[in-house]
Amino acid sequence: MSMTVIIGFSIISAALIVLIKQYKPEFAVPLSVIATAIVLILTIVQSTDIITLIDQMTSQTSIDKGSIKLLIKALGICYITQLAADTCKDSGETSLASRVELAGKITVAVMSLPLITNVLDIIAKLLQ
């Protein structure tokens, strides 16, 4: 699956959504959510090669695999949060979109605490 397929699907979906919004606006948001989910799935399928490569690279080094997994999860949360917030904005719910973004930021911050602790431990050891 190439990026051109994802781009082509996105452009066609956007055109259909704009067209449907003119005649049946109540179908525009659900169609947008479905198109977004399909693009997300296609992107995840495409990114499995990258995750495999990162896994191979970490197994050849002394980098903690748990930290890499945590970073990938945090990145996934960021993407999903952005998609949810954009969907809320498209629906006219800007206040809800702001709360979704805040929840995503807090979740990633909480998830990052072990990484921050590890970095501080490394700095403390270097300073001794």
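The values are calculated or read from the model by the stated rules, or taken from the named source; none is laboratory data. Please read all numbers here as calculations on a predicted model, not as lab measurements. Virtual Cβ from ideal backbone geometry, glycine too; neighbours counted across all protein chains shown.
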Determine which single condition residue 43 fails, assuming it passes every other condition in (1) among the polar types (S, T, N, Q); (2) over 11 Å from the mean Cα position of the chain (by Cα); (3) assigned by TED's automatic domain parsing to the domain that holds residue 7.
-> (2)
Among the residues of segment 82-102, is any under 30 Å from residue 56 (Cα atoms), of a type in the set (A, V, I, L, M, F, W, C) and in a helix (DSSP H, G or I)?
-> yes
Checked 54, 72, 68, 41 against criteria (within 20 Å of residue 6 (Cα to Cα), assigned to a helix (DSSP H, G or I) and aliphatic (A, V, I, L, M)); the one match is 41
Here are some conditions: (1) of a type in the set (A, V, I, L, M, F, W, C); (2) in contact (Cβ under 8 Å) with a residue 24 or more places away in the chain; (3) surrounded by 15 or more Cβ atoms within 10 Å (Cβ to Cβ). Residue 80 meets all but one. Which one does it not meet?
-> (3)
Out of all the residues in segment 42-64, which are surrounded by 12 or more Cβ atoms within 10 Å (Cβ to Cβ) and without any contact (Cβ under 8 Å) to a residue 40 or more places away in the chain?
-> 43, 44, 47, 51, 54, 55, 58, 63
Does any residue in segment 90-102 that is assigned by TED's automatic domain parsing to the domain that holds residue 14 and within 23 Å of residue 17 (Cα to Cα) come within less than 9 Å, Cβ to Cβ, of a residue that is acidic (Asp, Glu) and loosely packed, with under 14 Cβ neighbours inside 10 Å six or more places away or on a different chain, and which pairs are these?
-> none
Quickly run through segment 49-104 and pick out the residues that are more than 17 Å from the chain's Cα centre (by Cα), at pLDDT 90 or above and among the aliphatic types (A, V, I, L, M).
-> 96
Considering only segment 1-20, state which residues are surrounded by 12 or more Cβ atoms within 10 Å (Cβ to Cβ) and either at pLDDT 90 or above or touching a strand residue (DSSP E or B) at 6+ places or on another chain (Cβ under 7 Å) (or both).
-> 9, 10, 13, 14, 16, 17, 20
